[in-house]
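Novice: Here it is, the structure in full.
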Amino acid sequence: MRENVSDTVSPFPFPIRTECPPGACVCDRDRIMADPQADHRPLALTRQQEQKLVERIERIESYADLQHVQALISKNLGAELRIEPGPNEVRTVRGIIVVLEEKPGLCKKARQAVPSAVRRRLGERPDIAWALLDAHDLFGGQAG
């Protein structure tokens with residue numbers, strides 16, 4: 001019986017994202033792979049894993065669930081998913097800042113896809129957006 005063995009063996013115990021075309025990304029993938037002391041967690045976000053993450057975001061049902069996904073991203077990728085009201089008046093979901101922090105090894109496509117998925121979900125579930133705003137004391141705190 002013959003095994004299919006890749007020519008290159010990954011030094012990581014997990015599959016890593018394939019390299020983006022030159023000039024398409026600024027993730028410093030090669031630098032992170034060459035540094036044994038670097039945080040390699042962002043490299044684990046393959047295109048398949050990114051799609052699973054986007055699908056998970058699209059299933060968020062509550063503000064607590066959103067916070068849970070934020071914690072998982074922080075734990076598994078070492079990057080923070082920051083979601084907060086913008087500096088100006090928030091009239092729509094576009095007024096909410098959603099940013100997946102830059103982290104060496106984290107692909108630019110993922111840093112765009114994840115916030116887009118969060119914005120779509122907040123648009124579909126305004127109750128989550130309201131809970132987010134309330135958590136930042138935009139609805140609460142007024143005596144009436």
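The values are calculated or read from the model by the stated rules, or taken from the named source; none is laboratory data. The model shown is predicted, which means the values in this text are computed figures rather than measured ones. When we count neighbours, we look across all protein chains shown, and the Cβ atoms used for this are built from the backbone with ideal geometry, even at glycine.
Novice: Pull up region 101-124, narrow it to residues that are in contact with a Leu (Cβ under 9 Å, 6 or more places away or on another chain) and part of a loop (DSSP other than H, G, I, E, B), then point me to the one that is nearest to residue 30 (Cα to Cα).
Specialist: Within region 101-124, the match that is nearest to residue 30 (Cα to Cα) is 105.
Novice: Residues that are surrounded by 15 or more Cβ atoms within 10 Å (Cβ to Cβ), under 16 Å from residue 103 (Cβ atoms) and touching a Gly at 6+ places or on another chain (Cβ under 7 Å): does region 48-61 have at least one?
Specialist: No: zero hits.
Novice: Any residue that is modelled with pLDDT of 95 or more and closer than 30 Å to residue 22 by Cβ - is there at least one of those in region 59-73?
Specialist: There is at least one residue in region 59-73 that is modelled with pLDDT of 95 or more and closer than 30 Å to residue 22 by Cβ.
Novice: Could you count how many residues in region 68-87 are more than 14 Å from residue 101 (Cβ to Cβ) and crowded, with 16+ Cβ neighbours inside 10 Å?
Specialist: 2
Novice: State the number of residues belonging to region 58-88 that are of a type outside the set (S, T, N, Q), free of Cβ contacts under 8 Å to residues at least 24 places away in the same chain and part of a loop (DSSP other than H, G, I, E, B).
Specialist: So the count comes out to 4.
Novice: Also, quick follow-up: Check off (1) over 23 Å from residue 21 (Cβ atoms); (2) surrounded by fewer than 12 Cβ atoms within 10 Å (Cβ to Cβ) for residue 120 and give me the number that stays unchecked.
Specialist: Evaluating residue 120 over (1) over 23 Å from residue 21 (Cβ atoms); (2) surrounded by fewer than 12 Cβ atoms within 10 Å (Cβ to Cβ) leaves (2) as the failure.
Novice: Which one is modelled with the highest pLDDT, of the residues in region 74-116 that are basic (Lys, Arg) and closer than 19 Å to residue 137 by Cβ?
Specialist: Restricting to residues being basic (Lys, Arg) and closer than 19 Å to residue 137 by Cβ, the top hit is 82.
Novice: With respect to the numbered conditions (1) modelled with pLDDT of 95 or more; (2) of a type outside the set (S, T, N, Q); (3) farther than 29 Å from residue 44 by Cβ, which one is the sole condition not fulfilled by residue 130?
Specialist: (1)
Novice: I need every pair where a residue in region 90-109 that is touching a residue at least 12 places away in the same chain (Cβ under 8 Å) has its Cβ under 6 Å from the Cβ of a residue that is assigned to a loop (DSSP other than H, G, I, E, B) and of a type in the set (Asp, Glu), sequence separation at least 6 or different chains.
Specialist: 101/80; 104/28
Novice: When region 12-41 is examined, which residues are found to be among the acidic types (Asp, Glu) and either surrounded by 14 or more Cβ atoms within 10 Å (Cβ to Cβ) or not in a loop (DSSP other than H, G, I, E, B) (or both)?
Specialist: 28, 30, 39 - these are the residues of region 12-41 that are among the acidic types (Asp, Glu) and either surrounded by 14 or more Cβ atoms within 10 Å (Cβ to Cβ) or not in a loop (DSSP other than H, G, I, E, B) (or both).
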